[in-house]
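Chemist: Provided herewith is a single structure, encoded as structure tokens, for subsequent inquiry.
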Amino acid sequence: ECKILRQNGYEVYYQEWQAAYEFTAFVEYPKGKIHSYEEFFKTVFNLLGIQHRKTIIKKLIKYETGDAEIQLYEDVKYVRNLSVRKAVLTTNPAFRFSHLDLQEFDPIMDGQKIGKAKPHPQGFLKILKQWRLKPQEVLMVGNDVDCDILPAQELGLKTALIHRLGKP
């Protein structure tokens with residue numbers, strides 16, 4: 001994204017862009033004020049104190065929905081076919097993965113539905129409440145120790161850490 005920005009006359013570099021992007025995703029989006037890519041990127045630009053043009057917003061959206069589009073890992077494709085209840089718990093904005101067919105997952109809890117960024121316990125607790133299950137009856141499968149495994153264990157859920165390419 002920074003390359004696209006610099007090619008279009010913006011003096012923005014990785015760390016500042018990444019910080020504003022993550023602040024928007026993990027702090028601003030869960031507040032419920034952002035409902036689209038356009039609003040998302042406008043918020044990032046505002047945080048950086050940079051004027052945005054509609055053309056650059058469109059280019060960033062095209063990049064995110066094209067080259068950088070979120071895809072399912074092969075192991076998730078396998079999990080889809082298991083005959084167990086499945087949910088998605090993420091801070092990622094729902095519009096970032098709305099193109100994926102996730103009908104097997106219910107509920108899908110993103111940052112706005114939780115009202116907080118993961119690993120806040122509220123997301124885990126909302127799923128337990130919806131499913132009417134006790135923590136020890138649920139397996140949390142995740143790829144991040146700090147955001148998935150430890151918070152789930154603190155609530156009493158069973159956990160499984162995914163390793164891909166030798167990394168959690």
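Chemist: If I ask for residues that are surrounded by fewer than 17 Cβ atoms within 10 Å (Cβ to Cβ), of a type in the set (A, V, I, L, M, F, W, C) and in contact (Cβ under 8 Å) with a residue 40 or more places away in the chain, which ones from segment 20-49 would you list?
Modeler: F26, V27
Chemist: Could you grab me the full set of residues in segment 1-47 that are among the hydrophobic types (A, V, I, L, M, F, W, C) and closer than 20 Å to A117 by Cβ?
Modeler: Correct list: W17, A19, A20, F23, A25, F26, V27, I34, F40, F41, V44, L47.
Chemist: Tell me whether segment 99-113 contains one or more residues that are assigned to a loop (DSSP other than H, G, I, E, B), under 21 Å from S36 (Cβ atoms) and in contact with a Gly (Cβ under 6 Å, 6 or more places away or on another chain).
Modeler: The first filter runs over segment 99-113 and keeps only residues assigned to a loop (DSSP other than H, G, I, E, B), leaving 99-104, 110.
If we keep only those that are under 21 Å from S36 (Cβ atoms) as well, we get 99-102, 110.
Filter again for in contact with a Gly (Cβ under 6 Å, 6 or more places away or on another chain), leaving none.
Among the residues of segment 99-113, not one is assigned to a loop (DSSP other than H, G, I, E, B), under 21 Å from S36 (Cβ atoms) and in contact with a Gly (Cβ under 6 Å, 6 or more places away or on another chain), which makes the answer no.
Chemist: To continue, here is another question. Looking only at segment 60-87, which residues are of a type outside the set (V, I, T), assigned to a helix (DSSP H, G or I) and over 17 Å from Q18 (Cα atoms)? Don't jump to the end; show me each part of the working.
Modeler: Pass one, segment 60-87, residues of a type outside the set (V, I, T): 60, 62-64, 66-69, 71-75, 77-78, 80-83, 85-87.
Retained after the next criterion (residues that are assigned to a helix (DSSP H, G or I)): 60, 62-64, 74-75, 77-78, 80.
K62, E74, D75, K77, Y78, R80 - these are the residues of segment 60-87 that are of a type outside the set (V, I, T), assigned to a helix (DSSP H, G or I) and over 17 Å from Q18 (Cα atoms).
Chemist: Still on this structure, I have one more. If you take the residues in segment 113-125 that are surrounded by 17 or more Cβ atoms within 10 Å (Cβ to Cβ) and not basic (K, R), which one is nearest to D144 (Cα to Cα)?
Modeler: In this case the residue turns out to be P119.
Chemist: Something else about it: What tally of residues in segment 131-146 results from selecting those that are assigned to a helix (DSSP H, G or I) and either open to solvent by 90 Å² or more (accessible area, probe 1.4 Å) or modelled with pLDDT of 95 or more (or both)?
Modeler: Matching residues across segment 131-146 total 5.
Chemist: When the residues of segment 1-19 are filtered to those that are open to solvent by 90 Å² or more (accessible area, probe 1.4 Å) and of a type outside the set (S, T, Y), which remaining residue is farthest from K58 (Cα to Cα)?
Modeler: By that ranking, first place goes to Q15.
Chemist: Let me spell it out: the conditions are (1) of a type outside the set (S, T, N, Q); (2) under 30 Å from E11 (Cβ atoms); (3) surrounded by 14 or more Cβ atoms within 10 Å (Cβ to Cβ), and G66 meets all of them except one. Which number is the exception?
Modeler: (3)
Chemist: How many residues are touching an Asp or Glu at 6+ places or on another chain (Cβ under 9 Å) and in a loop (DSSP other than H, G, I, E, B) when one looks only at segment 158-168?
Modeler: Matching residues across segment 158-168 total 2.
The values are calculated or read from the model by the stated rules, or taken from the named source; none is laboratory data. Remember, it's a predicted structure, so these values are computed and weren't measured experimentally. All Cβ positions, even for glycine, are placed from backbone atoms using ideal geometry, and neighbour counts span all protein chains on display. Only protein heavy atoms, including side chains, enter the accessible area calculation; ligands, DNA and RNA are left aside. Shrake-Rupley method; radii C 1.70, N 1.55, O 1.52, S 1.80 Å.
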